[in-house]
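Enquirer: I'd like to ask some things about the structure below.
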Amino acid sequence: MNKIDLSVNLGGIRMKNPVTVASGTFGYGCEYADLVDITQLGAVTVKGIRFVPWPGNPLPRHAEVPGGMVNAIGLQGPGVEGFISQYMPFLVAKGVPVIVNIWGTSVDEYAEVAARLSDVEGVSGLELNVSCPNVKEGGNAFGTDPSTLAALVKRVRSATRLPLMPKLAPNVPDIKPFVRAVQESGADAIALINTIPAMVIDIESRRPVLSNKVGGLSGAAIHPVAVKLVWDAAQVAQIPLLAMGGITGAEQAIEFMIAGATAVAVGTANFIDPSTSLRVIAEIRSYLESHNMQSVAELTGSIVLE
Ligand SMILES: Cc1cc2nc3c(=O)[nH]c(=O)nc-3n(C[C@H](O)[C@H](O)[C@H](O)COP(=O)(O)O)c2cc1C
């Protein structure tokens, strides 16, 4: 059998295959470890971490909808020290690359979290969440204006040498100025997309279903939107793209790579079938074999337009 090269370099994050999991849909890895051999993943991306512990939003904070879910978890987490002491020893023992999703309510807080994680064994890179629609301060406030975003990325860049990957918001008129802003500010890769602002109303009570009233849509329904944004981003990106949004199998993952992504993340599908990401890896390999390709890198940006 031909040896197919599935490895990718996501802006300095070296992955043995192009598949990770999307932040917030896979806990800190350990929650899924009895169900999935997490060492088979290209990387584990953990739930959003800020400097201090954070309770997130009150319940209810998610609702199932046709084609996906709307959530407003609100970035509940143990804070950076809690994360390092409670979860990193397990992940280090597994030997899998770890991408830590970080956020803050100020530029300084993002930089403090990044600096604290810089020398922690096992951390391979930082995903900067500048696009969460579910918190009042921070999150999306940094991701919807290119110059605000550029200032944030520059500040975090000066605080760490870890690979830095801002995660862009989908709800902007044009993604390209954001791509340029982060790559000119020292980002090593770009993740996209986060959830799309959304709302669900209970028609009997006529109240919003989520305590936060509004949330973010994820799952199969958002996939074509994400493909368009990844393709748009690829027009101007000189750094690798990590694509996510509605992957349910290898077909959507391959579509993302053809549009220009170097790697992909499986999100909401983990709640339906926790082994989706491993199935996606196996099916990407089969696709490459049946299409006579030697490496997954051949897929990236291979879209045919004429
Ligand atoms: C329950 C839930 C929690 C999430 N938490 C985070 C988070 O902490 N940080 C973040 O950047 N994105 C978070 N996201 C967004 C996902 O990482 C991903 O970008 C989005 O869900 C699109 O991918 P999908 O359609 O495959 O789920 C969350 C999504 C869901 C559904």
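The values are calculated or read from the model by the stated rules, or taken from the named source; none is laboratory data. Given the structure is predicted, the values throughout are model-derived calculations rather than measurements. Note: ideal-geometry Cβ built from the backbone for every residue, glycine included; neighbour counts use all protein chains shown.
Enquirer: What do you reckon, is residue 293 among the aliphatic types (A, V, I, L, M) and within 21 Å of residue 66 (Cα to Cα)?
Expert: On the way: among the aliphatic types (A, V, I, L, M): yes; within 21 Å of residue 66 (Cα to Cα): no.
Here the answer is no, as residue 293 does not meet what is asked.
Enquirer: Ok, one more. Take region 75-85 and flag every residue that is within 16 Å of the ligand (Cβ to nearest atom), farther than 18 Å from residue 128 by Cβ and at pLDDT 95 or above. Step through it out loud before you land on a result.
Expert: Filtering region 75-85 for residues within 16 Å of the ligand (Cβ to nearest atom) gives 75-80, 82-83.
Going one step further and asking which of them are farther than 18 Å from residue 128 by Cβ, we end up with 76, 78, 82.
The answer is 82, and nothing else.
Enquirer: Also, quick follow-up: What are the residues in region 286-306 that are surrounded by 15 or more Cβ atoms within 10 Å (Cβ to Cβ) and either in contact with a Pro (Cβ under 6 Å, 6 or more places away or on another chain) or in contact (Cβ under 8 Å) with a residue 40 or more places away in the chain (or both), if any?
Expert: 288, 293, 296, 297, 299, 300, 301 - these are the residues of region 286-306 that are surrounded by 15 or more Cβ atoms within 10 Å (Cβ to Cβ) and either in contact with a Pro (Cβ under 6 Å, 6 or more places away or on another chain) or in contact (Cβ under 8 Å) with a residue 40 or more places away in the chain (or both).
Enquirer: Can you say whether residue 243 is within 16 Å of the ligand (Cβ to nearest atom), modelled with pLDDT under 95 and surrounded by 24 or more Cβ atoms within 10 Å (Cβ to Cβ), as far as the supplied structure shows?
Expert: When the stated conditions are applied, residue 243 does not pass them.
Enquirer: Return the pairs, sorted by first residue and then second, in which the second residue is among the β-branched types (Val, Ile, Thr) and within 8 Å of the ligand (Cβ to nearest atom), the first residue lies in region 123-135 and is modelled with pLDDT under 95, the beta carbons are less than 7 Å apart, and the residues are 6+ apart or on different chains.
Expert: Between residues of region 123-135 that are modelled with pLDDT under 95 and residues that are among the β-branched types (Val, Ile, Thr) and within 8 Å of the ligand (Cβ to nearest atom), the close pairs are 133/195; 134/73.
Enquirer: Only one of 162, 210 is away from the ligand (no atom under 14 Å from the Cβ) and either under 28 Å from residue 119 (Cα atoms) or crowded, with 22+ Cβ neighbours inside 10 Å (or both); which? First the steps, then the outcome.
Expert: Numbers: 210 fails: away from the ligand (no atom under 14 Å from the Cβ).
Answer to the check: 162.
Enquirer: Filter region 86-105 down to residues that are of a type in the set (Val, Ile, Thr) and more than 14 Å from the ligand (Cβ to nearest atom) and give me whichever is modelled with the lowest pLDDT.
Expert: The qualifying residue modelled with the lowest pLDDT is 105.
Enquirer: Of everything in region 47-74 that's more than 8 Å from the ligand (Cβ to nearest atom), among the small types (Gly, Ala, Ser) and surrounded by 15 or more Cβ atoms within 10 Å (Cβ to Cβ), which residue is modelled with the highest pLDDT?
Expert: Across region 47-74, the extreme among qualifying residues is 63.
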